[in-house]
1. List every residue whose amide H lies under 5 Å from the amide H of residue 79, counting only residues 5 or more places away in sequence or on a different chain, with H placed 1.01 Å from N in the peptide plane.
2. Taking neighbour Cβ counts within 10 Å as the exposure measure, how do 353, 144 sort from fewest upward?
3. Using every alpha carbon pair in the chain, what percent of pairs falls into each 20 Å bin from 0 up to the bin containing the largest distance?
4. What 222 nm value per residue comes from the helices of the chain, counting each DSSP H run with n ≥ 4 as -39,500 (n - 2.57) and dividing by all residues, nearest 500 deg cm²/dmol?
5. Could you bin all the Cα-Cα distances of segment 103-198 into 5 Å bins starting at 0 and give me the percent of pairs in each, rounded to whole numbers?
6. Filter 209/314; 60/151; 151/315; 44/314; 18/314; 314/397 down to the pairs with a C-alpha to C-alpha distance above 24 Å, please.
7. Looking at 182, 245, 28, which one has the Cα that reaches farthest to the positive end of the dipole of the chain (charges on Cβ: Lys, Arg +1; Asp, Glu -1)?
8. Would you mind ranking 339, 110 so that the residue whose beta carbon has the fewest other beta carbons within 10 Å leads the list?
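What follows is calculated from the coordinates using simple rules that are stated; it is not laboratory data. Everything numeric here is computed off the predicted structure, so don't read it as measured data. Methodologically, a virtual Cβ is constructed for each residue, glycine included, from the backbone with ideal geometry; neighbour enumeration extends over all protein chains shown.
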Amino acid sequence: MTAPENGSTSRPRLALKKGEEKRLRAGHMWVFSNEVDTGKTPLKGLEPGEVVNLVDSAGKAVGSAMVNPGSLISARIFSRRPDTSLSENWLARRLEQAVGLRQSIHDKPYYRAIFAEADGLPGLILDRFDDVLVGQLNTAGMDRVRGELEKAIVRVLAPSALLWRNDSGVRELEGLGRMIETGFGTVPGHLKVIEQGLEFSIDPVAGQKTGWYFDQAANRARVRPLIGQGDDVLDLYCYHGAWGLMAASSGAGQVTCIDASEAAVDRVRINARANGLESRVQARVADVEAWLEQCIAERRRFDTVIVDPPALVKKARDVKPGLAKYRRINELALRVVNYGGLLATCSCSAHVREDVFADILRKAARHVDREIQILMRLEQGPDHPVAPAIPETRYLKGLVVRVLPSY
């Protein structure tokens, strides 16, 4: 029998301290442990992933939430209504709402289908590779209802297979184990991605995260017209070569892809051959900073440089050293751009604000005696929607700048 849409009023309650409901009523979904009135509702009496009714200090309903007494984020709201259950029916309706957006903007089934809190499903990531899905369950609440969730996924998307890449470090913060396992079906050894007419092969098990960075797809499409015919292009932190192959297919004369991962570089070569671009794409295994320093020493320059590193600031306490790292990388990158050329540089660190990132690039340019003109601001694509009250959901930011000699 399908679970009822509304739970019993005997469901546990979680009470907030006075005034702590304001941020939540404004739209945020996270409750921190120091916001809970543990005198009224001890967290220790609740199980990880258990669903509770969240109430303010006066006992008024704030919503339904999944709790985790062992995490700094002790509860995550998934509904503004009390007594809502994470039933198969409820999950299916939320999935339909999210997938409907993606189907309306994508002509091919390759995209992020679910983006966690921004789609009202805290901790759930789901990427679509045609009829195969790769997902992550990053909260105890979602992990606890995996069975109901898989049924809802089958109802809404009817995939042939589902792979759970539950190996993210975020799971450890939730007290969950790290593992990679099949939800159902048979997951192929390699999956296909089609983007801008190019076909990429990825390894869903050994690849990074869920295997592909769909969040940059819209940015790659926007930057593509700026690549000049015959340009010499450098793609740093290239992973599977999405940026580099895009440049080559746009008419770049030569593209150099750099990544520290040998497996990633091998995949770039495979993808270049599959798209008939191997004569113009060169992929190398190297440390990015060391390689840039070598280019500077050899006076090697490029018409377009793309810098798309992994998150360099994963925690709030890492902001200061992370910002120094971003500045160092961009200083080196600016020095290898031909005057009049372009630098497309990004940060996927949620703890780095857009204005701060822009200021870092300004300082980097002045430090290496360059002038820059901002041509375009980059952000995550529409399959990664932003919840306006949750700044953490807007994590990707970037700039495309023209590099000029100092005036």
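1. Placed amide hydrogens put 64 under 5 Å from residue 79.
2. Placing the least packed residue first, the sequence is 353, 144.
3. Values per bin, smallest distances first: 26, 52, 21, 1.
4. On the way: 11 runs with 112 residues, N = 407.
Helices in the chain give a 222 nm mean residue ellipticity of -8000 deg cm²/dmol.
5. That works out to 3, 12, 23, 26, 19, 12, 4, 1, 0, in percent per bin.
6. Working: 209/314 15 Å; 60/151 33 Å; 151/315 34 Å; 44/314 28 Å; 18/314 31 Å; 314/397 15 Å.
Pairs exceeding the cut-off: 60/151; 151/315; 44/314; 18/314.
7. 28
8. Values: 339 11, 110 21.
Sorted ascending by nearby Cβ count, the order is 339, 110.
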